[in-house]
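Comments concern the structure below.
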Amino acid sequence: MVWGTKAGVTDLVQKLNANSTKSMYILSTRKVSSSDAISLATALKTNSTMEEFYISGHNLGDDGLQAFADVLAHNCVLRKLAVGTESLGDNGVRILCNGLGNNSNSKIESFDMELKSIGNDGASAMGEILAKNNSIRQLVVARNRIQTPGFEQLVLGLNASNYLEELDIAENNLTLLNEDGSNLVQWISKPNCSLKIVNIAGNPLGDSAVVFLKSLAINTSIESLNLSSTELTSAAWAALGYALSKNSTLKTLDLSQNTISSADEFITGVAQNKGLTRLVLAKTKLGDEVAKKLKAPSSLLHLDLSANNLTSIGMLPHLASPIQELRVFDNSLGNGVYDVLPTIVANPVLQSLDVGANGLHGKLSIALFEALHIPTALKTLEVGGNNLGDDGLAALEVLQERNPLLDVAIDKRGGNDTE
């Protein structure tokens with residue numbers, strides 16, 4: 001990794017020419033001119049060892065950018081190349097794509113275009129090139145300006161090649177084409193669909209997600225789906241519930257920061273699911289009544305119910321369930337801790353519990369610590385954001401003596417993000 005505030009790149013070019021390293025990160029603190037970029041690209045073009053080259057955050061100029069497009073057109077060793085700044089835009093993306101499209105022997109696996117001011121034209125350019133590419137497995141286009149038309153063209157290319165495994169298109173102000181004929185639905189409906197990881201968080205999907213979510217019922221490839229902060233509607237929650245009742249491939253599902261509605265359909269789908277191992281429902285306004293009804297599938301290992309205004313009533317069924325990790329951070333357990341202590345102690349499976357920011361102040365934290373003097377299945381306990389006080393801290397010291405295999409974390413504060 002290259003540190004410091006150096007100007008010029010003579011030392012870096014020497015390393016590239018010597019074929020002495022497999023990765024190079026050029027931090028924004030180093031001043032890199034357009035001519036410097038050309039020198040680096042010239043050395044990198046035929047380099048035989050470099051696999052990862054990062055020069056993001058540097059404005060390379062038109063000539064410098066074209067030089068790195070030439071790298072993409074000729075280099076057959078690089079697996080990841082990250083270049084450009086937020087000002088790159090559609091024209092810059094097209095230049096890079098043209099270079100990549102001229103190299104049938106490219107080994108690029110990760111194409112990182114996060115925060116590059118890409119719009120529909122840039123997304124379409126990527127789609128054209130990716131339709132012919134068989135090396136890229138990860139595409140990151142998060143925090144750009146891609147909307148429905150550009151996304152459709154991008155996915156059209158990804159569907160045609162069917163090699164991509166991970167797609168990150170978070171925070172693009174994107175809605176989906178809510179039709180059976182959408183390119184996304186056609187792609188994930190393929191029995192041999194390559195896509196495994198999808199991050200579409202931070203897009204205002206709303207009702208536009210319905211057909212996509214329904215199609216997950218027949219998808220057999222996607223293992224991880226991030227739908228955090230996507231403004232899911234009642235129809236979308238119902239569609240997701242239906243899909244979960246049929247799908248057995250999805251392992252990780254993040255629904256945080258959506259307000260849950262059509263809860264019965266969703267809860268039914270979760271209960272019937274046979275594949276989920278991680279479910280995140282933080283900040284979904286569950287409340288005790290919905291939380292009580294939620295039944296974790298037998299496959300589930302990790303459940304996150306943080307920041308849902310839960311009391312012991314909503315937590316108790318999940319503290320008794322056979323999951324390994326439970327997060328109920330930033331809720332309202334308080335005096336209800338007395339109601340759940342016997343369940344926590346008796347659970348033979350629960351290994352990690354986060355009860356941070358739950359009003360477990362003073363004597364309540366002491367009650368929790370004293371109950372865990374006898375070793376249980378718990379290996380990690382997080383209690384940050386609770387005011388333990390001097391007596392609570394003293395009780396924690398005793399706990400650590402009595403149960404030294406239990407790792408207790410106390411450094412988080414209430415109100416923090418659930419991530």
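Observations on the model:
- GLU166 vs. criteria over 23 Å from THR249 (Cβ atoms) and modelled with pLDDT of 95 or more: no
- Checked against (1) more than 21 Å from the chain's Cα centre (by Cα); (2) touching a residue at least 24 places away in the same chain (Cβ under 8 Å), GLY181 meets all criteria but (2).
- Residues of the range 290-327 that are part of a helix (DSSP H, G or I) and in contact with a His (Cβ under 8 Å, 6 or more places away or on another chain): ALA291 alone.
- Within the range 218-252, the set of residues being buried (at least 23 other Cβ atoms within 10 Å of the Cβ) and in contact with a Phe, Trp or Tyr (Cβ under 7 Å, 6 or more places away or on another chain) comprises TRP237, LEU240.
- Meets criteria (within 24 Å of GLY359 (Cβ to Cβ), crowded, with 20+ Cβ neighbours inside 10 Å, modelled with pLDDT of 95 or more and touching a strand residue (DSSP E or B) at 6+ places or on another chain (Cβ under 9 Å)) for LEU305: yes
- Residues in the range 189-215 that are among the hydroxyl-bearing types (Ser, Thr, Tyr) and outside any helix (DSSP H, G or I): SER189, SER194.
- When THR376 is tested against (1) closer than 30 Å to SER298 by Cβ; (2) touching a residue at least 40 places away in the same chain (Cβ under 8 Å), just one condition goes unmet, and that condition is (2).
- Only one of the listed residues (SER208, SER256) is among the small types (Gly, Ala, Ser), in the same structural domain as GLN147 (by TED's automatic domain parsing) and within 16 Å of VAL290 (Cβ to Cβ). That residue is SER256.
- ASP330 meets the stated requirement of being modelled with pLDDT of 95 or more, acidic (Asp, Glu) and part of a loop (DSSP other than H, G, I, E, B).
- Selected residue [part of a loop (DSSP other than H, G, I, E, B) and surrounded by 18 or more Cβ atoms within 10 Å (Cβ to Cβ)] from ASN159, ASN144: ASN144
- Subset of the range 380-404 (residues that are surrounded by 15 or more Cβ atoms within 10 Å (Cβ to Cβ) and in a loop (DSSP other than H, G, I, E, B)): VAL383, GLY384, GLY385, ASN386, LEU388, ASN403
- Scanning the range 9-32 for residues that are more than 19 Å from GLY64 (Cα to Cα) and among the aliphatic types (A, V, I, L, M) yields a single hit, ALA18.
- Annotation note: Cβ proximity below 8 Å between a residue of the range 291-314 that is without any contact (Cβ under 8 Å) to a residue 60 or more places away in the chain and a residue that is part of a loop (DSSP other than H, G, I, E, B) and among the charged types (D, E, K, R) (sequence gap 6+ or interchain) occurs for PRO297/LYS274; SER298/LYS274; SER299/LYS274; ASN308/LYS283; ASN308/LYS285; ASN309/LYS285.
- Matching residues in the range 49-84 - criterion: being among the hydroxyl-bearing types (Ser, Thr, Tyr) and closer than 17 Å to LEU139 by Cα: TYR54, SER56
- LYS132 in the same structural domain as ILE146 (by TED's automatic domain parsing) and either over 18 Å from ILE146 (Cα atoms) or in contact (Cβ under 8 Å) with a residue 60 or more places away in the chain (or both): yes
The values are calculated or read from the model by the stated rules, or taken from the named source; none is laboratory data. Small disclaimer: the values here were computed from a predicted structure and weren't measured. FYI the Cβ positions are ideal-geometry reconstructions off the backbone, even for glycines, and counts take in every protein chain you see.
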